[in-house]
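Read the structure below first, then the notes.
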Amino acid sequence: MNQDDTTIIALCIYAVQIPLSSFWLKRFRMGPMEWLWRLLTYGKRMPIRK
């Protein structure tokens, strides 16, 4: 795999992430990793839905 292939793969990942992030954040307060981090930090479940 050369640098051009890697760049194309990265651009495809970004192209998928942008609409998925928009879709997710319209429905939820925070991302799944942020929710997990807060759960581990505060020791209690935080509401994730808007």
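Would you say ARG27 is at pLDDT 95 or above and among the charged types (D, E, K, R)? For ARG27, the condition - at pLDDT 95 or above and among the charged types (D, E, K, R) - is met. Note on the stretch 1-43: residues that are surrounded by 10 or more Cβ atoms within 10 Å (Cβ to Cβ) and not in a helix (DSSP H, G or I) amount to 4.
The values are calculated or read from the model by the stated rules, or taken from the named source; none is laboratory data. From a predicted model like this one, the values you see are computed outputs, not experimental measurements. Virtual Cβ from ideal backbone geometry, glycine too; neighbours counted across all protein chains shown.
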